[in-house]
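Below you'll find the structure, written out as structure tokens, and then a few comments.
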Amino acid sequence: MIKNVKDLIAIANEARNNSYAPYSKYKVGAALLCKDGTVITGCNIENASFTVGICAERTAFAKALSEGKTEFDAIAIVGNTSNRPTPPCGACRQFMSEFVGKDFEIIEASPDGDFVIRKMSELFPDIFMLFHT
Ligand code: THU
């Protein structure tokens with residue numbers, strides 16, 4: 001388990017402030033911990049053309065990858081729901097699986113600070129890949 005779980009959750013919770021979710025009203029924030037210690041945030045960004053919207057996790061990964069980060073330890077996700085940690089959606093599990101190993105930690109959290117930690121291998125055990133590194 002990574003050391004600064006609570007810090008990562010606090011950063012993800014802060015990132016919720018930038019969420020653009022006028023349609024669902026479900027504000028999500030993410031904080032992605034890179035292996036070099038950098039933390040990259042993300043939030044969900046919805047759109048009037050609903051399917052064009054993007055989740056907080058994929059925003060964080062796209063930001064990180066486009067800045068040259070390629071190795072990751074963990075991501076904290078904070079959603080709207082009190083006392084119920086928000087897990088990543090199926091699309092985000094597939095997206096993240098391209099860039100992380102089986103021990104990557106997914107910290108599902110609520111704004112109240114409740115959290116549960118899952119490994120990638122637990123949330124997405126049978127990964128579709130076109131090549132293996
Ligand atoms: N959402 C995320 O940002 N991450 C998830 O893993 C679950 C869903 C967003 C997408 C949409 O903007 C809102 O939450 C409601 O589905």
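We did not get these values from a lab; they are worked out from the coordinates using the rules stated. Computed from a predicted model, the values in this text were never measured in an experiment. Methodologically, a virtual Cβ is constructed for each residue, glycine included, from the backbone with ideal geometry; neighbour enumeration extends over all protein chains shown.
So here's what we get for this one:
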item	result
Any hit, region 57-73, residues being closer than 16 Å to V5 by Cβ and not in a helix (DSSP H, G or I)	yes
Tally, over region 12-59, of residues that are more than 9 Å from the ligand (Cβ to nearest atom) and touching a residue at least 40 places away in the same chain (Cβ under 8 Å)	7
Among (1) polar (S, T, N, Q); (2) closer than 27 Å to L130 by Cα; (3) assigned to a loop (DSSP other than H, G, I, E, B), the one test that S82 misses	(2)
Some residue of region 40-55 being in a helix (DSSP H, G or I) and surrounded by 12 or more Cβ atoms within 10 Å (Cβ to Cβ)	no
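Conditions tested, residue by residue: (1) over 19 Å from L33 (Cβ atoms); (2) of a type outside the set (G, A, S).
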{"residue": "A91", "(1), (2)": "yes, no"}
{"residue": "Q94", "(1), (2)": "yes, yes"}
{"residue": "V100", "(1), (2)": "no, yes"}
{"residue": "E105", "(1), (2)": "no, yes"}
{"residue": "E108", "(1), (2)": "no, yes"}
{"residue": "G113", "(1), (2)": "no, no"}
{"residue": "F124", "(1), (2)": "no, yes"}
{"residue": "M129", "(1), (2)": "yes, yes"}
